[in-house]
Amino acid sequence: MILPDSEGHFGKFGGKYVPETLMKALAELEAAYKKYKKDKDFNEELSYYLRHYAGRPTPLYFAERLSKHYGAKIYLKREDLCHTGAHKINNTIGQALLAKRMRKTRIIAETGAGQHGVATATVAALFGMDCHIYMGEEDTKRQAPNVLRMKLLGAEVIPVFSGSKTLKDAMNEAIRDWVTNVENTFYIIGSVAGPHPYPAMVRDFQIVIGKEVKKQIREEEGRDPDYIVACVGGGSNAIGIFYPFLNTKVELIGVEAAGFGLESGKHGAPLAKGDIGVLHGSMSYVIQDEFGQIEEAHSISAGLDYPGVGPEHSYFKEHGLVSYGSITDKEALRAFDFLSKTEGIIPALESAHAIAYLEKLAPKAKEKLIVVNLSGRGDKDLETVAEILKVKL
Amino acid sequence: MSRIKQKFEQLKKSNNKAFIPYVMGGYPTLDACERLVEILAEQGADIIEIGIPYSDPLADGPTIQKASQVALSHGANTRNIFEMIKSLRKKMDTPLVIMTYYNTIYHYGEKRFAEEAASVGVDGVIVPDLPPEEARSWLTLAKENALDTIFLISPTSSDDRIKKIVSVSSGFVYCVSLTGVTGARKSLPSELSGFLLKIRAQTDKPLAVGFGISSGNLAKEASRLADGIIIGSALMDLIDDSSIEYDKIGKFVKNIKLAIEGS
């Protein structure tokens, strides 16, 4: 069965839980996406920009010293080498090309770590569109370099002061903007979250990661890997790399942020510790209290600091198609440091969660073939890490 | 016959329009809120909407967002707001409608929510992020518990959607005056009358206009082609976080009632 169904459901997850004002915009987006998904010109243009602008295909790099250390054969999918420094650009190019065809001149987006904001501001500059990025006030502080990047790219960055002042609140505010300016505005959602058709559309734009891995690993090793590991906040890089390997023998592992620990109540692991609920227009696992109030997530990595998760991940979890683990702030920091020193690659703190999971996976995966999605690079996290290491920049 | 339906029939007979104020449940406190609802009823509110605060109210502007946060921080929750309604129901016959987001209902348990709401004397619910497509299970439970479910129509709704929404909406139909979030505005869109006529062409159910109405003049304008008007943010703007000046509220309500009389 191909998911989602015609109403955007992955089993009981997904759907469209939005104010009536947006129903027309979602229907238009769905119709446009359906049309252009199969359109030759659209796909050629998308391929062109992915190749010549974003820098695809990204390498699948055999991490020799990391492999030696863990006694397994470890490859890194180098999404950190994409233009703007993370996989997010795959999706923003796709959505911006769609916006252009839908004749929407104004672009809005939410951002947590700032990677999606930068990737959106980048394509808005590339295609000459007016761009407004909502970012939690807390995140504008943690990710100051990305705020400057967005501004340099010509975007307006709007700090959000409501709620926990992080990604979820930025997304609320972006949805409110969309409700208000729906006629001329295209909302580029950065993850496989939000109402239908976003989870499916963003997934489709990120599948390029997994398709490349399939080709590259077969060239290198003549077979599929035994494991694929990726971090999960909203879950777009994970779904992108997992999707072509679903229902195969490859073991797929998503890594959520355990923050201060799963039992601390301060984490970003809705699949491990949340309940089913509705957030930002779709049904999925959500961190919430007994009355359904959404609780604040916590992760050292702003990109994983989100109380929800893409609905298709909830479906994967319920059907055992992907297994999900978690990594604490401390473990992620250790991996951040370790990868920098063993491979000369400074990973994003988000991706450091996937790297850190090797510590748990390797003992039972001796001699196995593992692919880790290195979804982004760590330049944006230098201030966060400097603060922890008590270094003055 | 539901209390809401009865109310609209009464109003129609006397050639009057419904004044439907909205208050955030538990804002600024549960006690103050309960007193506020009583005052509103005394001053002639025809139907009263009571919000259950939600952490992420994405259809709401700054006023209701702030009221939700304050109410939550003062401990308001589904259970104690139901308790408040139970106490109010003993004192008044005014139709009471819950307005909240779907997750507060879903997580509480749709069945439990519907049963408890009905048992404390709630007459209907408005859930701005629950379109008819996602409302099948809720609608069954609401009907079983004799609760009206009031759906929203917006200026962007197509004719097909309007048809669908008016067919499932009970009690009344909530006509969102503008494309945007809740909040007091200085004027209403010029397309409002065309929008209401378009809906009227599809249904005989009562139409209530909400979003943006902030004064007697706008109330009058909005009520002309509808059966009632809803005022939330402008009313909440009169309340500060710690106390309510009930005199000020009384005056505001009187002014609105006067403005829509016989319109």
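B:Glu133 fulfils the conditions (1) without any contact (Cβ under 8 Å) to a residue 24 or more places away in the chain; (2) in contact with a Phe, Trp or Tyr (Cβ under 8 Å, 6 or more places away or on another chain); (3) acidic (Asp, Glu) except for a single criterion, (2). One residue stands out among those in the stretch A:28-65 that are assigned to a helix (DSSP H, G or I) and among the aromatic types (Phe, Trp, Tyr): the one that is surrounded by the fewest Cβ atoms within 10 Å (Cβ to Cβ), which is A:Tyr48.
Would you please name the residue that is nearest to A:Pro59 (Cα to Cα), looking only at residues in the stretch A:216-225 that are touching a residue at least 24 places away in the same chain (Cβ under 8 Å) and surrounded by fewer than 18 Cβ atoms within 10 Å (Cβ to Cβ)? Once the filter is applied, the top-ranked residue is A:Glu220. Specify the residue that is surrounded by the most Cβ atoms within 10 Å (Cβ to Cβ); the eligible residues are those in the stretch A:178-191 that are part of a strand (DSSP E or B) and within 14 Å of chain B (Cβ to nearest Cβ). Taking the candidates together, the pick is A:Tyr187. Among the residues of the stretch A:12-38, the ones that are farther than 16 Å from A:Tyr187 by Cα and away from every other protein chain (no Cβ under 14 Å) come to 5 in all.
The rows are residues; the columns are (1) surrounded by fewer than 23 Cβ atoms within 10 Å (Cβ to Cβ); (2) not hydrophobic (A, V, I, L, M, F, W, C).
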{"residue": "A:Leu246", "(1), (2)": "yes, no"}
{"residue": "A:Glu251", "(1), (2)": "yes, yes"}
{"residue": "A:Gly259", "(1), (2)": "no, yes"}
{"residue": "A:Ser264", "(1), (2)": "yes, yes"}
{"residue": "A:Gly274", "(1), (2)": "no, yes"}
{"residue": "A:Gly281", "(1), (2)": "no, yes"}
{"residue": "A:Asp289", "(1), (2)": "yes, yes"}
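Checked against (1) hydrophobic (A, V, I, L, M, F, W, C); (2) assigned to a helix (DSSP H, G or I); (3) open to solvent by 30 Å² or more (accessible area, probe 1.4 Å), A:Ile175 passes all but a single condition, namely (3). With a requirement of 1 or more residues that are of a type outside the set (Lys, Arg) and away from every other protein chain (no Cβ under 14 Å), the strands (runs of 3 or more DSSP E) lying completely within the stretch A:201-320 that satisfy it span A:227-231, A:251-259. Only residues that are within 11 Å of chain A (Cβ to nearest Cβ) and open to solvent by 20 Å² or more (accessible area, probe 1.4 Å): list them for the stretch B:78-95, please. Selection gives B:Arg79, B:Asn80. The set of residues from the stretch A:158-172 being farther than 18 Å from B:Thr63 by Cα, hydrophobic (A, V, I, L, M, F, W, C) and crowded, with 21+ Cβ neighbours inside 10 Å comprises A:Leu167, A:Met171.
So which of B:Glu115, B:Glu144, B:Glu110, B:Glu134 ends up being more than 14 Å from the chain's Cα centre (by Cα), at the interface with another protein chain (Cβ under 10 Å from one of its Cβ atoms), over 22 Å from B:Ile229 (Cβ atoms) and open to solvent by 10 Å² or more (accessible area, probe 1.4 Å)?
Numbers: B:Glu115 fails: at the interface with another protein chain (Cβ under 10 Å from one of its Cβ atoms); B:Glu144 fails: at the interface with another protein chain (Cβ under 10 Å from one of its Cβ atoms); B:Glu110 fails: at the interface with another protein chain (Cβ under 10 Å from one of its Cβ atoms).
Testing whether each residue is more than 14 Å from the chain's Cα centre (by Cα), at the interface with another protein chain (Cβ under 10 Å from one of its Cβ atoms), over 22 Å from B:Ile229 (Cβ atoms) and open to solvent by 10 Å² or more (accessible area, probe 1.4 Å) leaves just B:Glu134.
Is it the case that B:Leu58 is more than 29 Å from B:Gln6 (Cβ to Cβ) and part of a loop (DSSP other than H, G, I, E, B)? Criteria met by B:Leu58.
The values are calculated or read from the model by the stated rules, or taken from the named source; none is laboratory data. Quick caveat: nothing in here was measured; it's all calculated off a predicted structure. Positions of Cβ are backbone-derived with ideal geometry, glycine not excepted, and every protein chain shown enters the neighbour counts. Just the protein is used for accessible areas: all its heavy atoms, side chains included, with ligands, DNA and RNA removed. Shrake-Rupley method; radii C 1.70, N 1.55, O 1.52, S 1.80 Å.
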